[in-house]
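K.L.:
One structure coming up, written as C-alpha cells, with questions to follow.
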Amino acid sequence: MLISSEDGAGEILAPNHDTRFYDDVRCLSAAWAANHESAAAFVRLRDGGWIEAPSASYARSLSARTPMGSGLVAFATAAQARAADRSGQSLTWDEVATLPGDER
C-alpha cells in the first residue's frame, strides 16, 4: 500500500508474513483484530518516530488529514493526545479498536 500521509500510518509485523502497511489507524485497528495473536503492530507518532500500537495514546484531531478520514493520530503520552484531541480526550489502543466503524 502506498502511504500518502504519515498521520495515522502504521504497520503489522507477523512472523513468516510480509509486513503490512496502513495509512490510517482505523484500518490498522481493524486488521489487528485478526492478527494480534502472533503479530506486532506499530504506529507513526504525530511528532515522528514509531511506537508499538498498544503503548500509544490516540487523539481524534481536527487538524489531521488521514487518508481514510478517521483523523486518529498516535502520541507517546496521554497528555499529548488530550491536547490534540477535538474533545480533549485520550484514547487507548483497546478503545480505538472498539470505536464504532464511522468513528474508528
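The values are calculated or read from the model by the stated rules, or taken from the named source; none is laboratory data. Computed from a prediction, not measured in an experiment: that's the story for all the values here. Every residue, glycine among them, receives a Cβ derived from its backbone with ideal geometry; neighbour counts consider all protein chains shown.
K.L.:
Leu13 is checked against (1) surrounded by fewer than 16 Cβ atoms within 10 Å (Cβ to Cβ); (2) modelled with pLDDT under 85 and fails just one. What number does that condition carry?
P.N.:
Unmet for Leu13, out of (1) surrounded by fewer than 16 Cβ atoms within 10 Å (Cβ to Cβ); (2) modelled with pLDDT under 85: (2).
K.L.:
Those residues that are of a type in the set (Asp, Glu), more than 9 Å from the chain's Cα centre (by Cα) and in a loop (DSSP other than H, G, I, E, B), I need them from the range 24-54; list them, please.
P.N.:
Pass one, the range 24-54, residues of a type in the set (Asp, Glu): 24, 37, 47, 52.
After this cut, where a residue has to be more than 9 Å from the chain's Cα centre (by Cα) as well, the list is 37, 47, 52.
Across the range 24-54, the qualifying residues are Glu37, Asp47.
K.L.:
Please work out which one of (1) in contact with a helix residue (DSSP H, G or I) (Cβ under 7 Å, 6 or more places away or on another chain); (2) at pLDDT 90 or above; (3) under 17 Å from Ala9 (Cβ atoms) is the condition Leu45 fails and give its number.
P.N.:
(1)
K.L.:
Related question: Checking the structure you have, find out if any residue of the range 44-62 is in contact (Cβ under 8 Å) with a residue 60 or more places away in the chain, within 17 Å of Asp23 (Cα to Cα) and surrounded by 15 or more Cβ atoms within 10 Å (Cβ to Cβ). It would help to see each step written out before you state the result.
P.N.:
At the first step, the residues of the range 44-62 found to be in contact (Cβ under 8 Å) with a residue 60 or more places away in the chain are none.
Checked the range 44-62: no residue is in contact (Cβ under 8 Å) with a residue 60 or more places away in the chain, within 17 Å of Asp23 (Cα to Cα) and surrounded by 15 or more Cβ atoms within 10 Å (Cβ to Cβ).
K.L.:
So, one more: I need a count of the residues in the range 16-27 that are farther than 17 Å from Ser61 by Cα and modelled with pLDDT of 85 or more.
P.N.:
4
K.L.:
Related question: Condition check: modelled with pLDDT under 90 and not hydroxyl-bearing (Ser, Thr, Tyr). Does Arg65 satisfy that?
P.N.:
Values: modelled with pLDDT under 90: yes; not hydroxyl-bearing (Ser, Thr, Tyr): yes.
Judged against the criteria, Arg65 is a match.
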